Every structure is written in C-alpha cells, then in structure tokens.
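Comments concern the structure below.
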Amino acid sequence: MAYVLAAIGLLLIYGAWRLTRFWRGVYAEASAEVDRRWEAEAKLVEMAPWFGITGLKDEEERELPRYLRRELGEVGREGALRADELQYLGIQSNAEGRAHFWRLPRREGEADDSYAYVEVNEQGEALFYGWGDRTPALGQAAL
C-alpha cells in the first residue's frame, strides 16, 4: 500500500512539474508577443495634420495617440488607432477646466462620437490625458 501511495505521489509531482513547464512556455510566448508590440509602438513615428498647431509641445501631441492605443488595448496591433484618424477640434474652457479636444473615429458598433482630450493649465502645459468622459461644447468657438 505504501508503494502505491508513493507511486501516486510521484505521478502527481511529475504532473505538476510538466504543467509548470507548459504554462511557463505559454507565458514566455505571450510575454515575447507583448514585448514585440511595445517595441513596435516605441519605434512608431506618426504624422497628423494637427501636429504643430495645437500649442502643445511635440511630445505632448505625440503622446495622445499612444495613450489612446494603450487605453483601447491596441498597442502594436494591426489596424490600431493612428494619429491622423483623430480630428482636432480646438481648445475649450468650461467648469472642468481648459482642454484640447479631438474626435475619435467611430469603431465598429459605436453609435455616438467619442472624444479625447488633453487638459492643460493656464500656461498651456499638459496636465493629463483622457477620453470618453468629457465632451466638447460643439459649436463653441475654440479659444
């Protein structure tokens, strides 16, 4: 009886070891894919008609599409959001503060427009990026 229990124990240990090796390989493959996507994102140099006209620093403008790809889970993916797909709407001030606004292209299944924004301080420096929770006053003249 003791030999049978020892054999079962050894089989369980061996099975656990094999499962660990399998999942470690799966993790390594997934991790390599994520690393590849982040490297592709870091090398990406985009052009958009609104670059250079917002009053934001170049790196602040270029961060917006990167931020949105991270938020949308599209980093390094084919068909991911591009900077030239964003439509710059200008800067507006309201009770929530001053912000630059962009219209995002509609995605599959979306009925309404979504907007991204960069909130700025009085000196025009970017404070934070956001999307989906703030809407510009359409028709209001940009500052």
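The set of residues from segment 13-63 being hydrophobic (A, V, I, L, M, F, W, C), more than 24 Å from VAL118 (Cβ to Cβ) and exposed (fewer than 11 other Cβ atoms within 10 Å of the Cβ) comprises ILE13, ALA16, TRP17, LEU19, PHE22, TRP23, VAL26, ALA28, ALA30, ALA32. Remark: ILE53 matches the filter, which requires a residue to be modelled with pLDDT of 80 or more, of a type in the set (A, V, I, L, M) and assigned by TED's automatic domain parsing to the domain that holds GLY79.
Pick from segment 75-108 the residues that are among the small types (Gly, Ala, Ser) and in contact (Cβ under 8 Å) with a residue 40 or more places away in the chain: which of them is nearest to VAL120 (Cα to Cα)? Per the stated criteria, the residue is SER93.
The values are calculated or read from the model by the stated rules, or taken from the named source; none is laboratory data. Here the structure is a predicted model, which means the values were calculated and not measured. Backbone-built Cβ (ideal geometry, glycine too); neighbour counts: all protein chains shown.
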